[in-house]
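Working notes, structure below.
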Amino acid sequence: MRAGLRQSMAWLHGWSGLLVCWVLLLVFCGGTASYFKDEITLWMKPELHRAAAAPVPPAEAAASAVAFLQRNAPRSPRWFISLPDERSPVTQVLWIRAPGEPGSGIGGSRGRFESRTLDPATGAFLGTVRDTRGGEFLYRLHFDLYYMQPLWARWIIGACAMCMLVAILSGVITHRRIFQDIFTFRPRKGQRSWLDAHNATAVLALPFHLMITYTGLVTLMFMYMPWGVQTAYRGDLQAFNNEAFGRAPLGLPSGQAAPLVPVAPLVAQAMRHWNGAGPSRVAITLAGDANATVTISRGSAGALSVDEPSMRFDGATGKLVATSGDAPAPASQTRGVMVGLHEAHFAGPLLRALFFVSGLSGCVMVATGALLWGVKTRQRQAKALAAGARPSFGLRLVDALNIGAIAGLPIAFAAYFWANRLLPVAMAHRPDAEIRAFFAAWAVAAVLAQLHPARAMWRAQLWTGALMLAGIPVLNALTTDTHLGATLLRGQGPAAVAGFDLTVLALGIALGAAAWVLGRRTAARKAVPAAHQPHGARDAKGAT
Amino acid sequence: MNGLAFLAALALVFSGFSTLSQTLDRHYADRNGRGSVPGAAERMRLHGLGWAALALALAACVLEQGWPMGTVAWVGMLTLGALPVVLLLSCAPALALRAAGWSGALGGCGLLALRALP
Amino acid sequence: MRLSRNGRYRLGVASRVVAAIGGGYVLAALATGLLAVVLPMPPAEAVMTATLLSFSLYACAVLWVFAVGSAWRAWTGLAVAAAVLGTILAAALAAVRSGA
């Protein structure tokens, strides 16, 4: 760690990367999948594939949603309506249970909300759709993890993200020939091939990696670094939120009854103000009271920034009270754009595919980094291993964690999708069961990896992942009628469903290819009359 | 981003990076024999063509989507377009260069078509 | 307590890790708090700018701790920087409180 900047940065890069790489792999896999979370959710709800046909105008969808809420949640102080768009063909409504209703006080903040998915044309509750968290689970997984309080998870992920940032910066500093080596890839050369793969996936998508890590921290920056609010606002978070984001606090009921104005004309007025841009959300407070408000937010689909301009109307009279977000201040806009770049909400299908490819590049970068550490360490211990010693504790642990994460995660993802198709549609707590399938599959893979971290385990798990992923389109064909035959060959079903089937097929084939190459190398090594091979040792996949 | 802009940008990025790779001694030697190094004039020509192709790719992205999203799309195209260059250079370097010329031409045509479209 | 060379190395590493993670965060926090009050822009904007910058400051501090010559120098540097920032911050807050 002494001699020179490059050496110290190399040390820092190795350790800051290694200690968090398995968590980061989960974050990258979940995050990359999240770019298509709406499409994943649609795939996981075959009952909706027909409804994805005819789009409904936003004003109609808003009106039918309000009618549903007036029938089913008349005394709730706050309604939220998410209007349908190209990526999600249904209306989502969310409301806070009114005080005094059963269940309004228990279960913490999650327990106070109720949500439903509605058919946008009729406002009817789509009750028979199979219950699933869909792509939202994968999205939440990458920052809220699971089986723990979100607050803890976000601190853990934040710490890992800081390590990632340090790893990126130290990696760039230590990479001596970053421009000369930018296109270099030397296959079948053992450690050097792993290094080349790690460098290529890292450098070719470097802007993305730097952006995604920093903007990831920015999305929760007031949690990680509240000190600005502490000094400038003496800790008054509400005052800061009000000034920075124009959020009005929930008003108090006046006690006077006043019917809610029709929402459709307000939506039309908002669309005129925004030159035809569609609204995405309607939030209504204290419906039926004289102090009701209706806040309509514009979809940020056209702009990089995630901050949505909004218009607030008086709910009893329909008068416009305030508009915000039409001309945001520079720092606010910077933050909005940063969060927007992280979420890529603005991206159409092709641009979204580019983000997805960069995300996959990130997954490969993390995986090859971890594998490279194992290869280098094995090289250092080569003499001892050849003499019959066991691998060191650290090496064995890293090998086992690598198998469990790199080969195990694809198995977990595949299990989640298999569970979606195989579990009975009407079962109770269905979303939890699907999620349990994800973690159960992962746990089995991880435990088996710890027991026998050898090349055979790599091959077994890679083949399992490959078959499970590539098998999903087949499973889809056996369990629904919106399979590739209909969606792709006959061109009728939702394109998103075809895209999902093709993507998992491609990923399965890629894993299968990796497993096959690994098998050939193992066979080649076995054919050579080798020196005594130590128990449990796993040489580099590319080693000659 | 429409399909034509995507393909034109991809072709141009591939062409640009293939060309630029030849300014690096290692990849020039891959194609022209060990130890050979591009001369100063040739290096300048390669740099010029390569960077021009990347700039035209930026034009293809921005033309259709405006500067903010176009720039984001371009950065993504740089990643996607560089990957086949890396793979080709490691398996079939000569092919990489021949393809560079063709894809540059095709990408250029695509860009002209984009300008011509309403 | 006499440490072997290996022991001293490990202690140095451990010391730097603590300095980087803990000391770096304190430094970034102080800088954020200070910038939020002294930047010449509306308070919401100043807070936003300061917080946006905080992670780069933290990362730079971490890199510096591991690049610098010895763990002692790392701690000294952090302490001096924290003292300077802390003093200016205290002065700025006092000025704001008495002025406002």
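For the stretch C:3-25, name all the residues that are more than 10 Å from chain A (Cβ to nearest Cβ), assigned to a helix (DSSP H, G or I) and not basic (Lys, Arg). Please lay out each step first, then the result.
Quick first cut of the stretch C:3-25, residues more than 10 Å from chain A (Cβ to nearest Cβ) only: C:3-8, C:10-11, C:14-15, C:18-19, C:22-23.
Now drop any that are not assigned to a helix (DSSP H, G or I), which leaves C:5-8, C:10-11, C:14-15, C:18-19, C:22-23.
Residues satisfying the conditions are C:Asn6, C:Gly7, C:Leu11, C:Ala14, C:Ser15, C:Val18, C:Ala19, C:Gly22, C:Gly23.
Only one of B:Leu10, B:Leu56, B:Leu106 is within 21 Å of A:Leu206 (Cβ to Cβ), at pLDDT 90 or above and part of a helix (DSSP H, G or I); which? I'd like the intermediate steps shown before the answer.
On the way: B:Leu56 fails: within 21 Å of A:Leu206 (Cβ to Cβ); B:Leu106 fails: within 21 Å of A:Leu206 (Cβ to Cβ).
Only one candidate qualifies: B:Leu10.
Let me confirm something: among B:Leu80, B:Leu117, B:Leu111, B:Leu95, which residue is hydrophobic (A, V, I, L, M, F, W, C), more than 9 Å from chain A (Cβ to nearest Cβ) and crowded, with 18+ Cβ neighbours inside 10 Å?
B:Leu111
Considering only helices (runs of 4 or more DSSP H) fully contained in the stretch A:142-234, which possess at least 1 residues that are within 17 Å of the chain's Cα centre (by Cα) and free of Cβ contacts under 8 Å to residues at least 24 places away in the same chain?
Counting at least 1 such residues, we get A:150-174.
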Meets criteria (over 18 Å from A:Thr201 (Cα atoms), in contact with a helix residue (DSSP H, G or I) (Cβ under 8 Å, 6 or more places away or on another chain) and of a type outside the set (A, V, I, L, M, F, W, C)) for A:Arg390: yes
Matching option when the condition is outside any helix (DSSP H, G or I), within 26 Å of the chain's Cα centre (by Cα) and of a type in the set (A, V, I, L, M), among A:Ala428, A:Ala466: A:Ala428
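From the list A:Ser8, A:Ser64, pick out the single residue that is farther than 23 Å from A:Thr219 by Cα, part of a helix (DSSP H, G or I) and either in contact with a His (Cβ under 7 Å, 6 or more places away or on another chain) or modelled with pLDDT under 90 (or both). Don't jump to the end; show me each part of the working.
Numbers: A:Ser8 fails: either in contact with a His (Cβ under 7 Å, 6 or more places away or on another chain) or modelled with pLDDT under 90 (or both).
Answer to the check: A:Ser64.
If I ask for residues that are among the polar types (S, T, N, Q) and at the interface with chain B (Cβ under 8 Å from one of its Cβ atoms), which ones from the stretch A:179-217 would you list? Spell out the reasoning first.
Taking the stretch A:179-217 as the starting set, the residues that turn out to be among the polar types (S, T, N, Q) are A:180, A:184, A:191, A:193, A:199, A:201, A:213, A:215.
Scanning the stretch A:179-217 gives A:Gln180, A:Thr184.
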Among residues of the stretch A:487-498, those that are part of a helix (DSSP H, G or I) and crowded, with 19+ Cβ neighbours inside 10 Å, counted: 4
Single condition A:Ile403 does not satisfy, out of (1) without any contact (Cβ under 8 Å) to a residue 12 or more places away in the chain; (2) farther than 19 Å from A:Leu206 by Cβ; (3) buried (at least 23 other Cβ atoms within 10 Å of the Cβ); (4) of a type outside the set (Gly, Ala, Ser): (1)
Residue list for the stretch C:49-90, restricted to those being of a type in the set (S, T, N, Q), surrounded by fewer than 18 Cβ atoms within 10 Å (Cβ to Cβ) and within 11 Å of chain A (Cβ to nearest Cβ): C:Ser56, C:Ser70
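Go through the residues of the stretch C:34-48 one by one and say whether even a single one is under 23 Å from A:Ile168 (Cα atoms) and more than 8 Å from chain A (Cβ to nearest Cβ).
Pass one, the stretch C:34-48, residues under 23 Å from A:Ile168 (Cα atoms): none.
Within the stretch C:34-48, not a single residue is under 23 Å from A:Ile168 (Cα atoms) and more than 8 Å from chain A (Cβ to nearest Cβ).
Go through the stretch A:219-231 and report how many residues are within 7 Å of chain C (Cβ to nearest Cβ) and either surrounded by fewer than 21 Cβ atoms within 10 Å (Cβ to Cβ) or more than 15 Å from C:Leu52 (Cα to Cα) (or both). Spell out the reasoning first.
Narrowing the stretch A:219-231 to residues within 7 Å of chain C (Cβ to nearest Cβ): A:221-222, A:225, A:227-231.
Then drop every residue that is not either surrounded by fewer than 21 Cβ atoms within 10 Å (Cβ to Cβ) or more than 15 Å from C:Leu52 (Cα to Cα) (or both), which leaves A:222, A:230-231.
Residues meeting the conditions: 3.
Determine whether the stretch B:30-40 contains at least one residue that is out of contact with any helix residue (DSSP H, G or I) (no Cβ under 7 Å at 6 or more places or on another chain), free of Cβ contacts under 8 Å to residues at least 60 places away in the same chain and more than 19 Å from B:Leu95 (Cα to Cα).
yes
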Residues (out of contact with any Cys (no Cβ under 7 Å at 6 or more places or on another chain), part of a helix (DSSP H, G or I) and either more than 7 Å from every other protein chain (Cβ to nearest Cβ) or closer than 20 Å to B:Leu117 by Cα (or both)) located in the stretch B:61-71: B:Cys61, B:Val62, B:Leu63, B:Glu64, B:Gln65, B:Trp67, B:Met69, B:Thr71
Close pairs from the stretch A:340-365: first more than 7 Å from chain B (Cβ to nearest Cβ) and within 15 Å of A:Pro207 (Cα to Cα), partner surrounded by fewer than 22 Cβ atoms within 10 Å (Cβ to Cβ) and of a type in the set (Asp, Glu), Cβ under 9 Å, at least 6 apart: none
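The values are calculated or read from the model by the stated rules, or taken from the named source; none is laboratory data. Remember, predicted model here, so these are calculated numbers, not experimental data. Neighbour counts run over all protein chains shown; Cβ positions are idealised from the backbone, glycine included.
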